[in-house]
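Here's the structure, in structure tokens; my notes come after.
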Amino acid sequence: MAFTRTWDAAYEALPTDNNWGFEIDNYIRQVIVDVRERMSVEHEWKNGENDGIHKRRMTLGHISGLVVSNTAEPDNDISISAGECSDKTNAKDIVQSSALVKQIDAVWAVGTNKGGLFSGTVAASTLYYIYEILRSDTGVVDAYFDTSATAENIPANYDYYRMIDWVVTDADKHIIPFNSIGNGNEIEKWFKARAEVAATLAGTSYTVQATTGFIPSGLVCSALFGAITTTVGAVSIVMLSSDGVNAKTVFGSTVSLNAIGEINELYNSGYASPIFVPIVGDNIYYMVDANEITLYLRAVKFWR
């Protein structure tokens, strides 16, 4: 049986002349342009060519690695491990591919084993913020020390930064030695020497004590303290509080004859040991039952 094709004039006819086809074509072109723009943002481009590798953006507030530690020359140098972070504004990713050593006793210069101080000379008994910095026009990543909580003295042409840690100098202008535990947003920073916060404290009711000389202002953190009674042979009961009402930790002070590294280094082991106290508004509150004490900082858990 032969097949006969029937012509349907209405179906086979060209569509009515209108702008639908043009508008659809224009829309498709816009989508293509948009996709290309997104590809240029989300892919790595080298020498004007797309390398074809999808570029991962870090999550907001991300940080991994970039852990600060003492070096073989601990008085003046710190080492920052390889790592990555988003900058303070979450606008840029900062990636440090290898360890970086910076020197606090020399003015900043780009590169490892180079100066890290923003300007001038290092000061005694001073807190220095450590900033990871990015120069976005060249992609160079470095770090430096600053006394500013907002990186006001960031090196020229570096336009993105993130505070990753801090150090404190002693009366001899040396970095107080420390050890850092952690690898991400939360770090435990343990001081290896007695870091004196304040002396001759004798309040027998809750008394405010600032912590900004050893802990950066506004930092989300909790701290572990110890105390030494200045009266030889006496033990003071020390109470520390975040709000001046409720004790967060109660412990017995040690005496000044005990050396660093001994069993009673920062508190009397015959009493309960101190625990971490949340820092609220850059202050803690202390109270002693008798005698004067010197308050020491042992460790800080902080969020960076």
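Could you grab me the full set of residues in the range 264-304 that are touching a Cys at 6+ places or on another chain (Cβ under 8 Å) and in a loop (DSSP other than H, G, I, E, B)? Matches in the range 264-304: Ile279 only.
Here is a yes/no grid of residues against (1) within 23 Å of Ser256 (Cα to Cα); (2) exposed (fewer than 15 other Cβ atoms within 10 Å of the Cβ); (3) touching a residue at least 12 places away in the same chain (Cβ under 8 Å):
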| residue | (1), (2), (3) |
| --- | --- |
| Asp105 | no, no, yes |
| Tyr128 | no, no, yes |
| Pro155 | no, no, yes |
| Tyr158 | no, no, yes |
| Val167 | no, no, yes |
| Asn185 | no, yes, yes |
| Lys192 | yes, yes, yes |
| Ser205 | no, yes, yes |
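The set of residues in the range 92-111 that are in contact with a Ser or Thr (Cβ under 9 Å, 6 or more places away or on another chain), assigned to a loop (DSSP other than H, G, I, E, B) and closer than 17 Å to Thr138 by Cα contains only Lys92.
Screening Ala124 on (1) touching a residue at least 60 places away in the same chain (Cβ under 8 Å); (2) out of contact with any Phe, Trp or Tyr (no Cβ under 7 Å at 6 or more places or on another chain); (3) of a type in the set (Gly, Ala, Ser) shows it passes everything except condition (1). The set of residues in the range 46-97 that are modelled with pLDDT of 90 or more and of a type in the set (A, V, I, L, M, F, W, C) comprises Ile63, Leu66, Val67, Val68, Ile78, Ile80, Ala82, Cys85, Ala91, Ile94, Val95.
The test for being farther than 24 Å from Lys301 by Cβ and either modelled with pLDDT under 95 or over 15 Å from the mean Cα position of the chain (by Cα) (or both) holds for Gly139. For Gln209, the conditions (1) under 27 Å from Pro74 (Cβ atoms); (2) modelled with pLDDT of 90 or more; (3) surrounded by 14 or more Cβ atoms within 10 Å (Cβ to Cβ) all hold with the exception of (1). When Gly233 is tested against (1) touching a residue at least 40 places away in the same chain (Cβ under 8 Å); (2) on the phi > 0 side of the Ramachandran plot, only condition (1) is not met. Candidates in the range 218-265 are the residues that are of a type in the set (A, V, I, L, M), within 27 Å of the chain's Cα centre (by Cα) and modelled with pLDDT under 95; of these, the one that is surrounded by the most Cβ atoms within 10 Å (Cβ to Cβ) is Leu219. Looking only at the range 130-153, filter to residues that are out of contact with any Leu (no Cβ under 8 Å at 6 or more places or on another chain), under 18 Å from Ala106 (Cα atoms) and not small (Gly, Ala, Ser); which one of those is surrounded by the most Cβ atoms within 10 Å (Cβ to Cβ)? So the residue we want is Tyr131.
The values are calculated or read from the model by the stated rules, or taken from the named source; none is laboratory data. This is a predicted model, so every value here is computed, not measured. Every residue, glycine among them, receives a Cβ derived from its backbone with ideal geometry; neighbour counts consider all protein chains shown.
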